[in-house]
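For reference, the structure discussed in these notes is given below.
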Amino acid sequence: MKKKNKIPQMLLLPLFLGAVCLISSAALIGVNALTAPRIAAVELEKQNKGYMELLGLDSLMGVNKVEEVPTGACAEAGAKARVSFVKDGTNLGVVYDVTVGGYGGEIKFQVGFKDRKYTGFLVVSHTETPTYGGVLLAGINDQIKGLAADDELPISLTDYAGATITRNPVVKALKACAADYLTMEGV
Amino acid sequence: MKEKTSLKSIFLDGIIKNNPVFVLFLGMCPVLATTSSFSSALGMGIAVVVVLTMTNIIISLIRKIVPNDIRIPIYIVVIATVVTIVEMFMKAFMADLAATLGVYLSIIVVNCVILGRAEAFASQNNVGRSVIDGLGTGIGFLLALVLIALFREIIGTGAIEFVGLFSGKVLFRLPLFEKYAINIFVGNAGAFIMLGLLIALINMFTSVHEKRLLKLEAKKEEATVKEAK
């Protein structure tokens, strides 16, 4: 008799847990459908603000934005888009949208170039440990802003200790973006 | 028969007598990490209040059908779902705050306060009482966070700043003594120091209050003995 009772009990537990997981997944799918468009809009707004900040623009009105998908080493390093900005025939600069894998998940950032120089570095989102990877990311802009694109990156960045898993993909992507930018026509 | 505690005492218990931070020392990671500014502490506190109340409601509702052997994994699934939902809403409507809280928002899942209340209270009480418990404990956690952050920000920066939770913009900034700010209080070490100081202060007040109560009781007993004589 006891053996007969054990089988349904053994099935009941995983079935119950499975049902709870299914209900949770359904709830998450529903909430994701509700919030995803808004999150995408917020990210787009942040991205556009980033373009303006990196290129020193007050507005993107009347600016011709040419978006291309990078290839080769640049794409392999995590660059998702290369956006060139032109207004009245004047080249305003180039910004790369980059996504790399860090220690705590994806790190999304933008890096800008103008007149063969870095114009800055902006983090769009990250989930790195604030006191390790977060500190590194927060300090990159000051270290590379104004630096020539064909210069070596500062040793304080390339040899930054304590957040190696965050540092390596970011440094690799920065170098790849700079190399890609220098190959562009008219730069 | 077990005497049922009143709703008022359940609510106040979580805020004062069994405050999760100052008395039970639970959820210390977000307490130390998100209290460097008043606004981030307030945001984190509100998120915990919402998560705690919602998980208490759900767990109380399903308490009679959950098999005892797998109750903890089920509580974890419920908590993780609620935290993810709150995180999604915060990313959509409080993007700047969500970015400030970063990974600490996700790790509410492993906050001992939430699982502790689910196991100790919500799994044994009805929905009404569980809501009150969730609110009481959550508000206790929120008040502790805000109190620590307030002192850390004022002493560490010499000013107090309030950033709008939805807009992410500075709503007001009150400079107090910026020249004499002690920066260590905004850093990690400052979090430990401030937490220790506040716990010591609260313990001092509590012991003084308890001594007073004991004296009053002793006086009353003396009076009744005298009357009886």
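Of the residues examined, B:Glu161 is not one that is among the acidic types (Asp, Glu), without any contact (Cβ under 8 Å) to a residue 40 or more places away in the chain and open to solvent by 30 Å² or more (accessible area, probe 1.4 Å).
Within the range B:94-104, the residues that satisfy the criterion of being open to solvent by 30 Å² or more (accessible area, probe 1.4 Å) and either on the phi > 0 side of the Ramachandran plot or more than 7 Å from every other protein chain (Cβ to nearest Cβ) (or both) are B:Met94, B:Asp96, B:Thr100, B:Tyr104.
Inspection of the range B:42-55 finds a residue satisfying the criterion of being farther than 12 Å from B:Phe141 by Cβ, open to solvent by 40 Å² or more (accessible area, probe 1.4 Å), of a type outside the set (S, T, N, Q) and touching a helix residue (DSSP H, G or I) at 6+ places or on another chain (Cβ under 9 Å). For the range B:177-192, indicate whether the set of residues that are of a type in the set (S, T, N, Q), assigned to a loop (DSSP other than H, G, I, E, B) and surrounded by fewer than 16 Cβ atoms within 10 Å (Cβ to Cβ) is non-empty. Within the range B:177-192, none of the residues are of a type in the set (S, T, N, Q), assigned to a loop (DSSP other than H, G, I, E, B) and surrounded by fewer than 16 Cβ atoms within 10 Å (Cβ to Cβ).
Conditions (1) in contact (Cβ under 8 Å) with a residue 12 or more places away in the chain; (2) more than 8 Å from chain A (Cβ to nearest Cβ), marked per residue:
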| residue | (1), (2) |
| --- | --- |
| B:Pro30 | yes, yes |
| B:Ala33 | yes, no |
| B:Ser40 | yes, yes |
| B:Gly45 | yes, yes |
| B:Val50 | yes, yes |
| B:Pro67 | no, no |
| B:Tyr75 | yes, yes |
| B:Ala92 | no, no |
| B:Ile107 | yes, yes |
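Close Cβ contacts (under 6 Å, 6 or more residues apart or on different chains) running from residues in the range A:160-178 that are polar (S, T, N, Q) to residues that are open to solvent by less than 40 Å² (accessible area, probe 1.4 Å) and part of a loop (DSSP other than H, G, I, E, B) comprise A:Thr166/A:Gly102; A:Thr166/A:Glu128.
Just to be sure before I move on: is B:Thr81 touching a helix residue (DSSP H, G or I) at 6+ places or on another chain (Cβ under 7 Å) and either facing chain A (nearest Cβ under 9 Å) or open to solvent by less than 10 Å² (accessible area, probe 1.4 Å) (or both) in the structure I sent?
On the way: touching a helix residue (DSSP H, G or I) at 6+ places or on another chain (Cβ under 7 Å): yes; either facing chain A (nearest Cβ under 9 Å) or open to solvent by less than 10 Å² (accessible area, probe 1.4 Å) (or both): yes.
Yes.
How do the helices (runs of 4 or more DSSP H) wholly within the range A:76-187 filter down when requiring 2 or more residues that are open to solvent by 40 Å² or more (accessible area, probe 1.4 Å) and closer than 30 Å to A:Val66 by Cβ: which remain?
Numbers: elements: A:133-144, A:155-158, A:164-182.
Passing ranges, in order: A:133-144, A:164-182.
Here is the figure for the range B:62-78: residues that are open to solvent by less than 10 Å² (accessible area, probe 1.4 Å) and of a type in the set (S, T, N, Q) total 0. The single condition from (1) within 14 Å of another protein chain (Cβ to nearest Cβ); (2) under 17 Å from A:Asp97 (Cα atoms) that A:Glu67 fails is (1). Would a scan of the range B:112-123 turn up a residue that is within 14 Å of chain A (Cβ to nearest Cβ) and within 19 Å of the chain's Cα centre (by Cα)? There is at least one residue in the range B:112-123 that is within 14 Å of chain A (Cβ to nearest Cβ) and within 19 Å of the chain's Cα centre (by Cα).
Can you tell me how many residues in the range B:140-196 are farther than 16 Å from B:Phe25 by Cα and in contact with a Lys or Arg (Cβ under 8 Å, 6 or more places away or on another chain)?
Kept after step one, since they are farther than 16 Å from B:Phe25 by Cα, are these residues of the range B:140-196: B:149-190.
Right, trim to in contact with a Lys or Arg (Cβ under 8 Å, 6 or more places away or on another chain) and you get B:158-163, B:185-186, B:190.
Of the residues in that region, 9 qualify.
Do you know which of the residues in the range A:4-18 that are modelled with pLDDT of 80 or more and within 11 Å of chain B (Cβ to nearest Cβ) is surrounded by the most Cβ atoms within 10 Å (Cβ to Cβ)?
Within the range A:4-18, the first condition is being modelled with pLDDT of 80 or more, and the residues that meet it are A:11-18.
Still in the list and also within 11 Å of chain B (Cβ to nearest Cβ): A:12-18.
Values: A:Leu12: 13, A:Leu13: 15, A:Pro14: 10, A:Leu15: 11, A:Phe16: 18, A:Leu17: 16, A:Gly18: 10.
The qualifying residue surrounded by the most Cβ atoms within 10 Å (Cβ to Cβ) is A:Phe16.
Any chance the range B:149-163 includes a residue that's of a type in the set (Lys, Arg), modelled with pLDDT under 95 and in contact with a strand residue (DSSP E or B) (Cβ under 6 Å, 6 or more places away or on another chain)? Among the residues of the range B:149-163, not one is of a type in the set (Lys, Arg), modelled with pLDDT under 95 and in contact with a strand residue (DSSP E or B) (Cβ under 6 Å, 6 or more places away or on another chain), which makes the answer no. Report whether or not B:Glu153 is among the acidic types (Asp, Glu), surrounded by fewer than 19 Cβ atoms within 10 Å (Cβ to Cβ), touching a residue at least 24 places away in the same chain (Cβ under 8 Å) and not in a loop (DSSP other than H, G, I, E, B). Criteria not met by B:Glu153.
Which one is surrounded by the fewest Cβ atoms within 10 Å (Cβ to Cβ) among residues in the range A:29-64 that are among the β-branched types (Val, Ile, Thr) and within 14 Å of chain B (Cβ to nearest Cβ)?
Initially, the range A:29-64 is screened for residues among the β-branched types (Val, Ile, Thr), giving A:29, A:31, A:35, A:39, A:42, A:63.
With within 14 Å of chain B (Cβ to nearest Cβ) added as a condition, the list becomes A:29, A:31, A:35, A:39, A:42.
Details: A:Ile29: 10, A:Val31: 18, A:Thr35: 19, A:Ile39: 18, A:Val42: 19.
Ranking the candidates gives A:Ile29 first.
The values are calculated or read from the model by the stated rules, or taken from the named source; none is laboratory data. Computed from a prediction, not measured in an experiment: that's the story for all the values here. Cβ coordinates were reconstructed from backbone atoms using ideal geometry, including for glycine residues, and neighbour counts include every protein chain displayed. Keep in mind that these areas ignore ligands, DNA and RNA; they rest on the heavy atoms of the full protein, side chains included. Shrake-Rupley method; radii C 1.70, N 1.55, O 1.52, S 1.80 Å.
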